[in-house]
Number of protein chains: 2
Amino acid sequence: MSRFLAPAYHNLVPYTPGEQLNDRKYIKLNTNESPFPPAPGVCRVIDEGRMRSLNLYSDPALTALTGSLAESFGVSPKQVFCGNGSDDVLAFAIMAFCGKGGTLACPDISYSFYPVYADLFGVKLTQIPLAEDFTIRVSDYVGIGKNIVIANPNAPTGLSLSVKEVETIVASNPEHLVIIDEAYVDFSNDTCVSLLSRYDNLMVVQTFSKSRSLAGLRVGFALASEAIVEDLNKIKFSFNPYNINTLSITAASQAMREQAYYDECVAQIVAQREKTKKRLADLGFVLTDSKTNFVFASHPEKKAEMLYKALKERGVLVRHFNAPRIKDYLRITIGSEEQMEGFFAELTRIL
Amino acid sequence: MSRFLAPAYHNLVPYTPGEQLNDRKYIKLNTNESPFPPAPGVCRVIDEGRMRSLNLYSDPALTALTGSLAESFGVSPKQVFCGNGSDDVLAFAIMAFCGKGGTLACPDISYSFYPVYADLFGVKLTQIPLAEDFTIRVSDYVGIGKNIVIANPNAPTGLSLSVKEVETIVASNPEHLVIIDEAYVDFSNDTCVSLLSRYDNLMVVQTFSKSRSLAGLRVGFALASEAIVEDLNKIKFSFNPYNINTLSITAASQAMREQAYYDECVAQIVAQREKTKKRLADLGFVLTDSKTNFVFASHPEKKAEMLYKALKERGVLVRHFNAPRIKDYLRITIGSEEQMEGFFAELTRIL
């Protein structure tokens, strides 16, 4: 630490991303990336001509991208806010709406970035325990009178709330913002976008990093009321106006025109997920009913940390969270057929 | 404004980027972009294979990019912090080191984003008037006992301090951070990087947007002590760990290997700048001795706002700041030979 760091950040503990190791070739099942490349049209859209135009700034208003998203989701472009990954969107949102001294409630087991944002921005965080079976108890959030962020489906549990359940939470907290982080929604079909027309205290956040195979491109977005998007833009234009570069705008806009390809990728991942659940259960694992592109699994006899380390030694990366209640679980991303065969071969040997 | 926006931001006035208009074809001399495309090697480095790898996250540690920069500047990779444009770097720096209630001093006429950051992060800002001739009076900053940000060369004046003058400021404020924003330094040769080995309270910020013809790629960086970079990474990993995407990492790293091409572009821009100064002086304009890729010019008889509007009507965009002391000036980016001919043709007609 330098002697110049502001006191507010002295005890800040940053988010720990999943390992990105290059020391050998790994079967990488630890950061919930898609095993499929982006759509062929996306891979071709950045040509030498596009690269030659990079001397000019990107469009800070992101007109092409917000337009594509608005059309696809049936909302106004003024209801779309785009960021440099959905982490960027969540950071701006929590900064804008929870602010210093504001409130935020989230499940105790969820995306581990939420408490980091709260700490960074001086937000009073309330972490609400999941039920024993890792489900979110809707009643815990009804009329809570705080801003709320819920990952739906939740990570790392993989469990999802229905649109109806989310609506109960949103409707009962009209004076507070409810952020539904739908990073994994395309694997479950439970998007809350349809609620936007009735609730102005709802923000739905999605990403291009999972179902759209574009984690390395860094594009995420929020759909909300025009007033909320206006506020987010106020923060963005006070922080980093040109927050998405020309290549990302171009490729992400193209991705929105390639839905058939991505639907097929999702179908394959969902099929592989169900197969993986069954095989893990056959090996004695206990699993949640994941609606995402990962599974969350615990073995009654084998320590998860041991399995994580043994798999890593054998060239398979999965994610282990050394945290209360979930330290006996592994989060395993659904990879390609070949990757999953490699994973099961090593896992069976270890067991 | 939504009813959810935190009170701290109700009166926030965001930064206004230069106009990015698409209603007709313009000679665009308003945002200090390079008129040259990126180096040929940069334009070829993003191929279909690279695009196909975008399903995987970018490297949050930015090892390739910080390595290239460290080698090029003769510092340790641990002294390099990279951001999604230098605006991102400045935002993180002012957040980390000035914080809420901290101090920041800057010239009253400078990059108009500095006061916005101060407002966003609740920093006590001191704006120090430039001298009558728009120069920065070094004595105003000696032992000031506040954090300092100075654009060197300064914008929109184009004037620069010598390394010796910057050193006087840095040496006299050992307990405060001095940020030298060198966005335009490659057009003047006065970089303060050499001071880093002697002063741990100095941060030098540069960008790929100007001399490296990559404004649309969004990459900027800071060089500072290892402790300062560690602090910046703490904030980054609490805000947006994957802040630069794979395409930007790849293209910017390649740009660092194309110095000969960029040196030639800079030489042409500097030659064009000197020619432009002479032609404007011949037309009766008063100019500062700009060391950047733009000129700052005022006509004794013609209102700058009128000239700006008349040029825009004729398809030439320049920048006019409707602000005290500089409202009689135009900031005109140095474009290509052809663009400058077009600019002078229209300007002569207007005059």
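The values are calculated or read from the model by the stated rules, or taken from the named source; none is laboratory data. Please read these numbers as outputs of a predicted model, since none were measured by experiment. As a convention, Cβ positions derive from the backbone with ideal geometry for all residues, glycine included, and neighbour counts pool all protein chains shown.
Could you tell me which residue of the stretch B:78-87 is farthest from B:Lys236 (Cα to Cα), considering only residues that are assigned to a strand (DSSP E or B) and either more than 14 Å from every other protein chain (Cβ to nearest Cβ) or not hydrophobic (A, V, I, L, M, F, W, C) (or both)?
In the first step, residues of the stretch B:78-87 are kept if they are assigned to a strand (DSSP E or B); the result is B:80-83.
The next check asks that each one be either more than 14 Å from every other protein chain (Cβ to nearest Cβ) or not hydrophobic (A, V, I, L, M, F, W, C) (or both); those that pass are B:80, B:83.
Details: B:Val80: 13, B:Gly83: 9 Å.
Only one residue tops the list, namely B:Val80.
Pairs only if they're at least six apart or on different chains, beta carbon under 8 angstrom, first in the stretch A:253-281 and in contact (Cβ under 8 Å) with a residue 60 or more places away in the chain, second basic (Lys, Arg); list them, first residue then second.
A:Ala255/A:Arg212; A:Tyr262/A:Arg212
Condition first: touching a residue at least 12 places away in the same chain (Cβ under 8 Å) and either touching a Ser or Thr at 6+ places or on another chain (Cβ under 7 Å) or over 25 Å from B:Met95 (Cβ atoms) (or both). Now tell me which residues in the stretch B:157-171 satisfy that. If you could, list the steps in order and put the result at the bottom.
Filtering the stretch B:157-171 down to residues touching a residue at least 12 places away in the same chain (Cβ under 8 Å) leaves B:157-163, B:165-171.
Passing the criteria: B:Thr157, B:Gly158, B:Leu159, B:Ser160, B:Leu161, B:Ser162, B:Val163, B:Glu165, B:Glu167, B:Thr168, B:Ala171.
For the stretch A:236-257, what are the residues that are assigned to a helix (DSSP H, G or I) and more than 7 Å from every other protein chain (Cβ to nearest Cβ)?
Within the stretch A:236-257, the first condition is being assigned to a helix (DSSP H, G or I), and the residues that meet it are A:236, A:246-255.
Once the filter is applied, which keeps residues that are assigned to a helix (DSSP H, G or I) and more than 7 Å from every other protein chain (Cβ to nearest Cβ), the stretch A:236-257 yields A:Lys236, A:Ile249, A:Thr250, A:Ala251, A:Ala252, A:Ser253, A:Gln254, A:Ala255.
Collect the residues in the stretch B:285-303 that are assigned to a loop (DSSP other than H, G, I, E, B) and touching a residue at least 60 places away in the same chain (Cβ under 8 Å), keeping them in residue-number order.
Just the residues of the stretch B:285-303 that are assigned to a loop (DSSP other than H, G, I, E, B), to begin with: B:285, B:288-293, B:299-303.
Selection gives B:Thr288, B:Asp289, B:Ser290, B:Lys291, B:Thr292, B:Asn293.
Determine, yes or no, whether A:Asn152 is crowded, with 20+ Cβ neighbours inside 10 Å and under 25 Å from A:Glu33 (Cβ atoms). Let's see the steps before the verdict.
Working: crowded, with 20+ Cβ neighbours inside 10 Å: yes; under 25 Å from A:Glu33 (Cβ atoms): yes.
So A:Asn152 fits the description; yes.
Name the single residue that is farthest from A:Gly99 (Cα to Cα) among those in the stretch B:109-128 being of a type in the set (Ser, Thr, Tyr) and within 13 Å of chain A (Cβ to nearest Cβ).
First pass over the stretch B:109-128, keeping only residues of a type in the set (Ser, Thr, Tyr): B:110-112, B:114, B:117, B:126.
The next check asks that each one be within 13 Å of chain A (Cβ to nearest Cβ); those that pass are B:111-112, B:114, B:117.
Working: B:Tyr111: 26, B:Ser112: 24, B:Tyr114: 21, B:Tyr117: 16 Å.
Here the answer is B:Tyr111.
From the residues in the stretch A:88-108 that are farther than 15 Å from A:Ile180 by Cα and more than 10 Å from chain B (Cβ to nearest Cβ), which one is surrounded by the most Cβ atoms within 10 Å (Cβ to Cβ)?
Checked the stretch A:88-108; the qualifying residue surrounded by the most Cβ atoms within 10 Å (Cβ to Cβ) is A:Thr103.
Name the single residue that is surrounded by the most Cβ atoms within 10 Å (Cβ to Cβ) among those in the stretch A:1-27 being closer than 20 Å to B:Ser58 by Cβ and either in contact with a Pro (Cβ under 9 Å, 6 or more places away or on another chain) or at the interface with another protein chain (Cβ under 7 Å from one of its Cβ atoms) (or both).
Within the stretch A:1-27, the match that is surrounded by the most Cβ atoms within 10 Å (Cβ to Cβ) is A:Tyr15.
For the stretch A:74-87, state whether one or more residues are over 27 Å from A:Ala222 (Cα atoms) and surrounded by fewer than 17 Cβ atoms within 10 Å (Cβ to Cβ).
No, that holds for no residue.
Which pairs have Cβ atoms under 6 Å, sit 6 or more apart or on different chains, and link a residue in the stretch A:88-111 that is within 19 Å of A:Ala131 (Cα to Cα) and of a type in the set (Asp, Glu) to one that is in a loop (DSSP other than H, G, I, E, B) and modelled with pLDDT of 95 or more?
Between residues of the stretch A:88-111 that are within 19 Å of A:Ala131 (Cα to Cα) and of a type in the set (Asp, Glu) and residues that are in a loop (DSSP other than H, G, I, E, B) and modelled with pLDDT of 95 or more, the close pairs are A:Asp108/A:Pro129.
Go through (1) in contact (Cβ under 8 Å) with a residue 12 or more places away in the chain; (2) in a loop (DSSP other than H, G, I, E, B); (3) at the interface with chain B (Cβ under 10 Å from one of its Cβ atoms) one by one and return the number of the condition A:Ser211 breaks.
The number of the failed condition is (3).
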